[in-house]
Amino acid sequence: MTTHHSFRSDCAAILLKESILLSFSWAAFAAGSVVFGTIRDKKAMRLLGIGLIFLTLLKLVFIDLPIVSLLMRSILFIGLGSIGIIISRLFYRQQKR
């Protein structure tokens, strides 16, 4: 019985890592879309990036956060907060032009 329980917890840990990796991938793609859209002046790419950031944030709050440790929650929010600050600076610079 302990082998079955250990297998279940190993599978849960793998799924958690994959879910968090997916969130980071979405956030990186979203940030890249916003940067690309800002550099090339493509409004659709910027909006796609912003929408994907909000989707990633929703996924983090409702799917990832309930099952991760406090340390991992901190890392996730610091990462997303940093991406949000960078994107807001890009929009601020673009509006100044």
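The values are calculated or read from the model by the stated rules, or taken from the named source; none is laboratory data. Just so you know, these numbers come straight off a predicted model, no measurement behind them. Every residue, glycine as well, gets a Cβ built from its backbone with ideal geometry; the counts of neighbours run over all protein chains shown.
Inside the range 1-41, can you point out the residues that are among the charged types (D, E, K, R) and modelled with pLDDT under 90?
ARG8, ASP10, LYS17, GLU18, ASP41 - these are the residues of the range 1-41 that are among the charged types (D, E, K, R) and modelled with pLDDT under 90.
Which of the numbered conditions does ASP41 fail, given that it passes all the others? Conditions: (1) in a helix (DSSP H, G or I); (2) out of contact with any helix residue (DSSP H, G or I) (no Cβ under 6 Å at 6 or more places or on another chain).
Result: ASP41 passes all but (1).
If you scan the range 56-74, which residues turn out to be exposed (fewer than 14 other Cβ atoms within 10 Å of the Cβ) and without any contact (Cβ under 8 Å) to a residue 40 or more places away in the chain?
Within the range 56-74, LEU58, VAL61, PHE62, LEU65, PRO66, SER69, LEU70, LEU71, SER74 qualify.
Considering the range 69-97 alone, what residues qualify as being part of a loop (DSSP other than H, G, I, E, B) and modelled with pLDDT of 80 or more?
Pass one, the range 69-97, residues part of a loop (DSSP other than H, G, I, E, B): 69, 97.
Scanning the range 69-97 gives a single hit, SER69.
From the set of residues in the range 15-57 that are more than 19 Å from ARG73 (Cβ to Cβ) and among the aromatic types (Phe, Trp, Tyr), which is nearest to the chain's Cα centre (by Cα)?
If we take residues in the range 15-57 being more than 19 Å from ARG73 (Cβ to Cβ) and among the aromatic types (Phe, Trp, Tyr), then PHE29 is nearest to the chain's Cα centre (by Cα).
How many residues does the range 58-68 hold that are over 11 Å from the mean Cα position of the chain (by Cα), in a helix (DSSP H, G or I) and of a type in the set (Val, Ile, Thr)?
Final tally of qualifying residues: 2.
In this structure, is SER19 exposed (fewer than 13 other Cβ atoms within 10 Å of the Cβ) and outside any loop (DSSP other than H, G, I, E, B)?
Criteria not met by SER19.
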